[in-house]
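The values are calculated or read from the model by the stated rules, or taken from the named source; none is laboratory data. What you are looking at is a predicted structure, and each value in this text was computed from that prediction instead of being measured. In this analysis, Cβ positions are derived from the backbone assuming ideal geometry, glycine residues included, and neighbour counts consider all displayed protein chains.
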């Protein structure tokens, strides 16, 4: 396989910081609920809370972010050992996308431009919901499109 | 409360519509026009020069992957399993980043995208998303050996 700097085998993956995919889906589910509450109540403080979670998770990585921590403490012990781990970089990028949407939403809510607040938060809900339900990886999808736009460097 | 609720409803419906669309499209091979007509444009064929490797004797399965692509490894497993024992079929996994010109020429928008060519390199079927073993075997030449 020519894409390969990918670690093979569970211990190599773990050493490389790879993560349990179920943790990612769990975190996405919590994120969806929090964002949905923020959206329905048009409550900027709930949105701010989620924005902070996004920011921490971007910096610390999905495994060490707040929702990842909850997963490891409460959910993971009840599950079987994963037979395969996942590259943490796409979920990390997805957190960044969520953070950007959240910031736009906060700007909208706090400045009174309610449409911006609703649309940006709504987009964040769509991304989180798709991630939670079908494991849709927004970062993965955008990566290739981003590459195509850049001038050929190969 | 109402604007937020309506916004949420729109968001959920949009997500549901997209999820259903993906469920339908993912991994389902489309046979291309090149399978039927004799003439092909560069967008419809792959050469050994393009791939940096020889074509398969009866067919070639080319997977376009990229670094940020969790489903690509699942696709690799399915395809390896599907072509096992089919000696005339060659499987190539390509890092899109190293072949951006090919990606643009074939209009590849997602990874994994799996392209099946005949023995002459003409693209006869393609799909985006992870294929199933059956769907792939259905577009490979029957009794390829």
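Would you say residue B:122 is within 14 Å of chain A (Cβ to nearest Cβ) and surrounded by fewer than 21 Cβ atoms within 10 Å (Cβ to Cβ)? For residue B:122, the condition - within 14 Å of chain A (Cβ to nearest Cβ) and surrounded by fewer than 21 Cβ atoms within 10 Å (Cβ to Cβ) - is not met. The set of residues from region A:14-33 being surrounded by fewer than 19 Cβ atoms within 10 Å (Cβ to Cβ), in a helix (DSSP H, G or I) and either away from every other protein chain (no Cβ under 11 Å) or more than 13 Å from the chain's Cα centre (by Cα) (or both) comprises A:14, A:15, A:22, A:25, A:29, A:30, A:33.
With a requirement of 3 or more residues that are within 11 Å of chain B (Cβ to nearest Cβ) and under 26 Å from residue B:74 (Cα atoms), the helices (runs of 4 or more DSSP H) lying completely within region A:64-154 that satisfy it span A:89-111, A:114-134, A:138-149.
Determine, yes or no, whether residue A:107 is at pLDDT 95 or above and over 22 Å from residue B:66 (Cα atoms). Yes, satisfied.
Annotation note: Cβ proximity below 7 Å between a residue of region B:1-19 that is more than 7 Å from chain A (Cβ to nearest Cβ) and a residue that is loosely packed, with under 15 Cβ neighbours inside 10 Å and outside any helix (DSSP H, G or I) (sequence gap 6+ or interchain) occurs for no pair. Looking at this structure, is residue A:37 assigned to a helix (DSSP H, G or I), at pLDDT 95 or above and within 11 Å of another protein chain (Cβ to nearest Cβ)? Spelling it out, residue A:37 is indeed assigned to a helix (DSSP H, G or I), at pLDDT 95 or above and within 11 Å of another protein chain (Cβ to nearest Cβ). In region B:66-81, which residues are more than 10 Å from chain A (Cβ to nearest Cβ) and touching a strand residue (DSSP E or B) at 6+ places or on another chain (Cβ under 8 Å)? Scanning region B:66-81 gives B:75, B:79. The set of residues from region A:93-109 being surrounded by fewer than 21 Cβ atoms within 10 Å (Cβ to Cβ) and either farther than 16 Å from residue A:35 by Cα or free of Cβ contacts under 8 Å to residues at least 24 places away in the same chain (or both) comprises A:93, A:100, A:104, A:107.
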